[in-house]
Amino acid sequence: MKFFVLHLAAAAALLFPMGGALAQVSVERPWVRATVAQQQATGAFMVLRAARDTRLVGASSPLTPQVELHEMKVQDNVMKMREVPAIRLTAGQPLELRPGGYHVMLMGLKSPIVEGQTV
């Protein structure tokens, strides 16, 4: 269940190179996982490409008041998810935000996200 995300410009606007000026970043193949009734959170995924070394430091969405950058990784044979303060982008290297890795969490959703919906 994949959904295109149109409000990723907000995330891209928060990408700053280490020097402080706005970075050139492209967003490719964005999608959001559908939710079931009563589900309050979901993930947003995409591929980011930066022209210069930079980092993603935050995002926002009209779907929810709380958006966080997260990382999932195996630690002591247990898959764990945690919020991260930033996600580093290396110039010229694509970085895939995907299930099981770095991703954007949409938390406290105002309404369910259904298959076929454009958000």
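A few remarks follow.
- The set of residues in segment 81-97 that are open to solvent by 100 Å² or more (accessible area, probe 1.4 Å) and either in contact with a Phe, Trp or Tyr (Cβ under 7 Å, 6 or more places away or on another chain) or closer than 16 Å to Val27 by Cβ (or both) contains only Gln93.
- The residues of segment 60-80 that are of a type in the set (Asp, Glu), within 21 Å of Trp31 (Cα to Cα) and out of contact with any Phe, Trp or Tyr (no Cβ under 9 Å at 6 or more places or on another chain) amount to a single one, Glu68.
- Among the residues of segment 1-36, those identified as at pLDDT 50 or above, open to solvent by 80 Å² or more (accessible area, probe 1.4 Å) and of a type in the set (A, V, I, L, M, F, W, C) are Leu22, Val36.
- Segment 102-119, residues that are surrounded by 14 or more Cβ atoms within 10 Å (Cβ to Cβ) and either without any contact (Cβ under 8 Å) to a residue 60 or more places away in the chain or among the acidic types (Asp, Glu) (or both): Tyr102
- Contact map, segment 70-88: residues that are over 11 Å from Met105 (Cα atoms) paired with residues that are among the small types (Gly, Ala, Ser), Cβ distance under 8 Å, separation 6+ or inter-chain. Pairs shown: Met72/Gly100; Met72/Gly101; Lys73/Gly101; Met79/Gly100.
- Candidate set: segment 66-80, residues that are out of contact with any Asp or Glu (no Cβ under 9 Å at 6 or more places or on another chain) and surrounded by 12 or more Cβ atoms within 10 Å (Cβ to Cβ); chosen: the one modelled with the lowest pLDDT: Lys73
The values are calculated or read from the model by the stated rules, or taken from the named source; none is laboratory data. For clarity, every value in this text was computed on a predicted model and none was experimentally measured. We place every Cβ from the backbone using ideal geometry, glycine too, and count neighbours over all the protein chains shown. Remember, those area values only see protein heavy atoms, side chains included, never the ligands or the DNA or RNA. Shrake-Rupley method; radii C 1.70, N 1.55, O 1.52, S 1.80 Å.
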